[in-house]
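The values are calculated or read from the model by the stated rules, or taken from the named source; none is laboratory data. Quick caveat: nothing in here was measured; it's all calculated off a predicted structure. Here the Cβ positions follow ideal geometry from the backbone for every residue, glycine too, while neighbour counts run over all protein chains shown.
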Amino acid sequence: MLNFMVTEDGLQDQMLNLVVTHEDPKNMERRNQIIIQKAENERKKAELEDKILNQIANSEVDILEDDVLIVTLDDSKAQCKQIEQQMQEAQVTMNHIEVIREQFVPVAFRVSRLFFVLVQIMNVDPMYQYSLKFFKMIYGRALDNGDHIEKNKRQERKLFFIKEFTRLLYENICRSLFEKDKLLFSFLICLKIMDEIPDSLDQTEVRFVMTGGTRVAMRKPNPTGEGGWLTDKVWASILQVSDEFEAFKGLDENFEKNIKEWERIYNLQKP
């Protein structure tokens with residue numbers, strides 16, 4: 001079986017090309033032509049080398065006296081010099097585009113990562129399926145919306161593209177989500193963004209939030225008593241999170257001391 005799903009690195013390169021094309025379309029077109037020309041030049045050089053080697057192998061006289069071979073070598077030298085000059089001129093354009101590419105890598109990085117949030121949300125409901133074409137359309141709109149910022153202010157444009165795309169993606173996708181899934185979608189976006197910074201996201205905490213507690217035994221009894229509003233399963237989870245995560249140390253004690261206040265929060269429609 002073949003998996004035709006785009007990879008994160010491949011998508012990032014696509015998104016980078018799109019933003020650079022938007023920023024400098026003429027030089028980006030020139031870059032694409034240079035890549036094609038470079039491949040053509042490599043082919044020509046290979047043909048010249050093969051032609052020279054073939055003439056040397058089939059020469060019936062001393063190669064220093066072979067007029068046809070000497071002419072071929074002179075032609076080859078002239079063509080190689082012309083190719084080298086073309087490549088030097090093209091390198092200026094390539095360097096210019098490379099500078100722009102480096103400046104907008106954070107945009108492509110964020111955009112490509114958020115595409116895989118759409119892949120995740122598909123696991124919630126098979127109805128939630130979005131094409132790469134639709135995704136690119138939103139991206140293109142975000143780039144166009146930044147035209148009010150001068151092109152030489154690339155840092156400002158970069159930050160705008162990131163923020164604008166994130167906003168447009170959330171708004172457009174939410175139109176097709178059930179109300180109950182919108183908070184989950186924003187949470188998945190949040191996790192992706194946080195995960196961009198090394199060590200900013202505790203994966204153990206994330207797994208706990210996504211799957212819930214696994215502990216059954218309780219080291220101390222349920223403060224609401226048997227049949228109270230707080231179930232034993234929830235209380236066991238509170239004990240587990242208090243024991244295992246530094247950020248939640250003492251949560252169980254807080255529950256016991258403020259049980260009435262926690263019950264009020266528990267009964268709120270929007271706690």
Can you report the number of residues in segment 13-52 which are touching a residue at least 12 places away in the same chain (Cβ under 8 Å) and either touching a helix residue (DSSP H, G or I) at 6+ places or on another chain (Cβ under 7 Å) or under 16 Å from MET87 (Cβ atoms) (or both)?
21
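Listed here are the residues, each with its yes/no results for (1) farther than 29 Å from LYS45 by Cβ; (2) assigned by TED's automatic domain parsing to the domain that holds LEU16; (3) not hydrophobic (A, V, I, L, M, F, W, C).
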site: THR93; (1), (2), (3): no, yes, yes
site: VAL124; (1), (2), (3): yes, no, no
site: SER131; (1), (2), (3): yes, no, yes
site: TYR139; (1), (2), (3): yes, no, yes
site: ASP147; (1), (2), (3): yes, no, yes
site: LYS151; (1), (2), (3): yes, no, yes
site: GLU156; (1), (2), (3): yes, no, yes
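Kindly indicate which of LYS180, LYS192, LYS233, LYS220 is among the basic types (Lys, Arg) and touching a residue at least 40 places away in the same chain (Cβ under 8 Å). Walk me through how you get there before you give the answer.
Details: LYS180 fails: touching a residue at least 40 places away in the same chain (Cβ under 8 Å); LYS233 fails: touching a residue at least 40 places away in the same chain (Cβ under 8 Å); LYS220 fails: touching a residue at least 40 places away in the same chain (Cβ under 8 Å).
Exactly one of LYS180, LYS192, LYS233, LYS220 is among the basic types (Lys, Arg) and touching a residue at least 40 places away in the same chain (Cβ under 8 Å), namely LYS192.
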Whichever residue in segment 244-271 is basic (Lys, Arg) and in a helix (DSSP H, G or I) and, among such residues, is surrounded by the fewest Cβ atoms within 10 Å (Cβ to Cβ)
LYS260
Looking for something modelled with pLDDT under 80, exposed (fewer than 14 other Cβ atoms within 10 Å of the Cβ), not in a helix (DSSP H, G or I) and not assigned by TED's automatic domain parsing to the domain that holds LYS151 - is there at least one such residue anywhere in segment 68-89?
no
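So if I check each of VAL241, VAL206, which one is outside any loop (DSSP other than H, G, I, E, B), farther than 30 Å from LYS163 by Cα and touching a residue at least 12 places away in the same chain (Cβ under 8 Å)? First the steps, then the outcome.
Numbers: VAL206 fails: farther than 30 Å from LYS163 by Cα.
Of VAL241, VAL206, the one residue that is outside any loop (DSSP other than H, G, I, E, B), farther than 30 Å from LYS163 by Cα and touching a residue at least 12 places away in the same chain (Cβ under 8 Å) is VAL241.
Quick one: would you say GLY213 is closer than 30 Å to MET127 by Cα, modelled with pLDDT under 95 and surrounded by 12 or more Cβ atoms within 10 Å (Cβ to Cβ)?
In short, yes.
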Just need a number here: residues in segment 1-34 that are more than 22 Å from VAL107 (Cβ to Cβ) and assigned to a helix (DSSP H, G or I).
2
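Do we have VAL92 as in a helix (DSSP H, G or I) and in contact (Cβ under 8 Å) with a residue 60 or more places away in the chain here?
On the way: in a helix (DSSP H, G or I): yes; in contact (Cβ under 8 Å) with a residue 60 or more places away in the chain: no.
No: the conditions fail for VAL92.
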Enumeration of residues in segment 115-138 that are out of contact with any helix residue (DSSP H, G or I) (no Cβ under 6 Å at 6 or more places or on another chain), under 22 Å from GLU23 (Cβ atoms) and surrounded by 15 or more Cβ atoms within 10 Å (Cβ to Cβ)
LYS136
